[in-house]
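Chemist: Below you will find the structure I want to go over with you.
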Amino acid sequence: MKLFLLLGLASTSYAATFGCSTTGITDTDRQMFYDKLNNGRRNVAKGQEPNQSGNLPAGKNIYEMNYDCNLEQVAYDWASQCSTSGLTGINSSYIALTSPVWSSSGAFDGNAKASTQLTTWWQTLQQNGIASDLTYSEEAIQPWATWLMAKIPPSVVVSLNAMMPVSQLGSTSGHLPAFVLAPGDKVYETGSACTSGSDCTYMPSSTCNDGLCHTDSLSGPPETNDICPGAANMNDEIRMAFVDRHNELKSSGAKGLEPDGAGGNAPKGKQSLKYRWDCAIEANAIAWGNTCSQAHSTSQFRNPSGEQWGENLYTSSGEQNPKQAAVTASNLWWSELKEYGVGQDNIRTDAVKARGVGHYTQMAWETTYKIGCSVNYCSGKTWVVCQYGPAGNYLNQLIYTKGDPCTSDAGCPSDTTCSVSEGLCVKP
């Protein structure tokens, strides 16, 4: 019996030598999956992938798939059972692609069979097509759309296991991070394929590899917990994922690079403060996250020491990787600017609030510079709580002062210094 299992998760290996030790799976097998899937994604990014009629439009922020040895072992262990029952060892953060592949008594070429199945999944797009606006509406293209979801940097794992060499029965299934496409969702964003890392704006510290964005692993065990020791559900990697993404977005806004749904780009900001992690705020966010209420805390709860703190919340089905949740939550909150718009006055008015803009304004608030967050798993959902000090989001006030971002300390408030590369002012 031969069983195939494909799993997706961010990882670090993406070269010809993968460093995996699973018996019976060669680097040739791994390279086939890596190349086949990434070449398809690269063709989409460059506008070279056929639709049912003509080619798909080119896309931006399409990420490269990586390979994960830990998931390979999970796949191998499951395949070794020669069972068609449900997979164990993968949490609800993943969605599955499944398909019967073959039943035969002939010679078995696992690499070729797996390659053929990937082609079958990928060709559902050419067979059924997608509208020019890339809106997902047709379940027939679900296998292609799942593998292509551009903002998810999944990896691919294959497990090949020979148990009954005379009678081969195969199945192929795939698991990807649970950003489940719903009717009306965009499969990817049109634009130009990346030519440098600066074109890759969805994930932190991204680089460009021949039209595809690349990011390092968002998975793996905690490495350090030095910033705020003792927090059971947080570590320094998660903290820095929040801080780095907040500062990347706040810097981009200060430089006038962020599209505003009300028209043009949001104005430049001349003295926005850079974020840093705050352990007292983190402790408060963890305390609220542990309630699993999935509702906002009271203003009194966010004022334990005389300074009022703000709050952003994010909820998603499934148990997301906490670093992934940090980036996804930050991106989603910030996306309100482009989705709903603020306007060149740059004031949080009742009208702006009514349009659904509130998370973005707290993130972009000029005088807010401290952040602490918690990632919790509540009844099968991921719940992110971020609190901010001092609070922003005051009605009828400027989100930030308009003007050119700082280029020297003279362009910042007297008690701060200028981070010239970011255009942000840094509190001591």
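The values are calculated or read from the model by the stated rules, or taken from the named source; none is laboratory data. Computed from a prediction, not measured in an experiment: that's the story for all the values here. With ideal geometry, Cβ positions are generated from the backbone for all residues, glycine too; neighbour counts draw on all protein chains shown.
Chemist: Residue 11 versus (1) buried (at least 23 other Cβ atoms within 10 Å of the Cβ); (2) more than 16 Å from residue 214 (Cβ to Cβ); (3) modelled with pLDDT under 85: which is the lone unmet condition?
Modeler: For residue 11, the failing item is (2).
Chemist: Another question, if that's okay. Under the condition of being surrounded by 15 or more Cβ atoms within 10 Å (Cβ to Cβ) and free of Cβ contacts under 8 Å to residues at least 40 places away in the same chain, which residue from the stretch 128-141 is nearest to residue 58 (Cα to Cα)?
Modeler: Checking each candidate, the answer is 141.
Chemist: Got a sec? Which of 370, 338, 427, 353 is closer than 14 Å to residue 258 by Cβ and among the basic types (Lys, Arg)?
Modeler: Only one candidate qualifies: 338.
Chemist: Only one residue in 285, 280 is of a type in the set (A, V, I, L, M, F, W, C), more than 28 Å from residue 408 (Cβ to Cβ) and either surrounded by fewer than 22 Cβ atoms within 10 Å (Cβ to Cβ) or without any contact (Cβ under 8 Å) to a residue 24 or more places away in the chain (or both), so which one is that?
Modeler: Being of a type in the set (A, V, I, L, M, F, W, C), more than 28 Å from residue 408 (Cβ to Cβ) and either surrounded by fewer than 22 Cβ atoms within 10 Å (Cβ to Cβ) or without any contact (Cβ under 8 Å) to a residue 24 or more places away in the chain (or both) holds for just one of 285, 280, which is 280.
Chemist: Kindly evaluate residue 382 against the criterion of being in contact (Cβ under 8 Å) with a residue 12 or more places away in the chain and in a loop (DSSP other than H, G, I, E, B).
Modeler: Considered against the rule, which asks whether it is in contact (Cβ under 8 Å) with a residue 12 or more places away in the chain and in a loop (DSSP other than H, G, I, E, B), residue 382 comes out as no.
Chemist: From 334, 277, 309, grab the single residue that is more than 24 Å from the chain's Cα centre (by Cα) and under 28 Å from residue 224 (Cβ atoms).
Modeler: Checking each option against the conditions leaves just 309.
Chemist: Quick one: which of 381, 370 is more than 22 Å from the chain's Cα centre (by Cα), of a type outside the set (Ser, Thr, Tyr) and surrounded by fewer than 24 Cβ atoms within 10 Å (Cβ to Cβ)?
Modeler: None of the other options fit; the residue is 370.
Chemist: Does residue 54 meet the test of being modelled with pLDDT under 60, of a type outside the set (Lys, Arg) and out of contact with any Leu (no Cβ under 8 Å at 6 or more places or on another chain)?
Modeler: No.
Chemist: Within the stretch 113-153, restricting attention to residues that are part of a loop (DSSP other than H, G, I, E, B) and touching a Pro at 6+ places or on another chain (Cβ under 6 Å), which residue is modelled with the lowest pLDDT?
Modeler: Per the stated criteria, the residue is 152.
Chemist: A follow-up question, please. Being modelled with pLDDT under 85 and more than 20 Å from the chain's Cα centre (by Cα): is that true of residue 109 here?
Modeler: Criteria met by residue 109.
Chemist: Hey, can you tell me all the residues within the stretch 353-379 that are in contact (Cβ under 8 Å) with a residue 60 or more places away in the chain and assigned to a loop (DSSP other than H, G, I, E, B)?
Modeler: Once the filter is applied, which keeps residues that are in contact (Cβ under 8 Å) with a residue 60 or more places away in the chain and assigned to a loop (DSSP other than H, G, I, E, B), the stretch 353-379 yields 366, 367, 368, 369, 379.
Chemist: How many residues does the stretch 288-334 contain that are small (Gly, Ala, Ser) and surrounded by 15 or more Cβ atoms within 10 Å (Cβ to Cβ)?
Modeler: Qualifying residue count, the stretch 288-334: 9.
Chemist: Among (1) under 25 Å from residue 382 (Cβ atoms); (2) at pLDDT below 90; (3) more than 18 Å from the chain's Cα centre (by Cα); (4) not aliphatic (A, V, I, L, M), where does residue 172 come up short?
Modeler: Of everything listed in (1) under 25 Å from residue 382 (Cβ atoms); (2) at pLDDT below 90; (3) more than 18 Å from the chain's Cα centre (by Cα); (4) not aliphatic (A, V, I, L, M), residue 172 misses just condition (1).
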